[in-house]
Amino acid sequence: MNNIEQDNLLWWVTQFIWNEAAILDAREYETWLDLWQPEGLYIIPIEEAENYAEVLNLCYDDDKMRRDRIKRFQEGFSISSAPPATTVRTVSRFVIDSVDDDTVVVSCAQHLVEDKFGRQRLWAANVRYTLTTTDSSFMLQKKVVRLLNSDGVLNSFSYLF
């Protein structure tokens with residue numbers, strides 16, 4: 001891949017991830033679910049691992065678990081979602097890690113500001129996306145959100161990272 005093709009791919013990937021951040025900030029969860037491949041995994045690990053399925057994670061969601069989590073948010077049955085927090089995400093430092101056939105792996109940094117009960121908290125994470133290309137955009141195959149303090153004291157979250 002030449003530099004022009006690499007820059008063009010980075011631009012499209014960046015647009016996709018920025019759009020995902022806007023969807024999550026707007027709590028448009030059904031739209032967010034549509035970004036996923038059914039076999040995709042949404043993971044928030046406690047520690048770095050070769051195989052996240054074999055270790056304890058804050059979140060290890062397949063399609064059913066993503067839908068169940070969102071249902072709890074929307075129906076208010078989760079104590080952490082009543083009331084829901086307002087969030088603003090900043091996503092930056094995009095790096096394409098690999099490109100293979102229809103798959104693009106990209107890493108970036110994310111800052112998420114949460115506002116709830118008149119208090120703001122800041123979360124920082126390194127995020128790695130595995131995206132599958134489609135005719136017009138991408139679909140999420142895997143999203144791994146590595147919070148900087150994932151092994152420390154964490155509060156309940158009323159949103160997705």
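General observations
- Charge-dipole axis of the chain as Lys and Arg at +1 and Asp and Glu at -1 on Cβ define it, positive-most pick from 150, 33, 96: 150
- Within the shell of other residues whose beta carbon sits under 12 angstrom from the beta carbon of residue 37, the net charge comes to -2, with Lys and Arg scored +1 and Asp and Glu -1.
- Against the chain, whose longest principal axis is taken from its Cα atoms, helix 63-75 shows a tilt of about 40°.
- Convex hull volume of the C-alpha atoms in region 3-147, normalised per residue: 121 Å³.
- Rounded to whole Hz, the Karplus (6.51, -1.76, 1.60) HN-Hα couplings of region 3-14, x for glycine and proline: 4, 5, 5, 5, 5, 5, 4, 4, 4, 5, 4, 4
- Estimated vicinal HN-Hα couplings, Hz - region 129-134 in sequence order (Karplus 6.51, -1.76, 1.60; Gly, Pro = x): 9, 10, 10, 9, 6, 10
- Cβ-Cβ FRET estimate between residue 75 and residue 8, R0 fixed at 45 Å, reported to 0.05: 0.60
- ³J(HN,Hα) computed for each position of region 30-39 - Karplus, 6.51 cos²θ - 1.76 cosθ + 1.60, integer Hz, glycine/proline x: 5, 5, 4, 4, 5, 6, 9, 6, x, 8
- In region 91-123, chymotrypsin sites (Phe, Trp or Tyr not before Pro) in a DSSP loop with at most 12 other beta-carbon atoms within 10 Å: 117
- Residue 46 long-range amide H proximity, modeled H, under 5 Å: 58
- The lysines within cross-link reach of residue 143, meaning a Cα-to-Cα straight distance under 24 Å and a gap of 8 or more places when in the same chain, are 64, 71.
A short reminder: the numbers here are calculations on the coordinates, not readings from a lab. Because the structure is a prediction, the values reported are computed rather than measured. All Cβ positions, glycine included, derive from the backbone under ideal geometry; neighbour counts span all protein chains shown.
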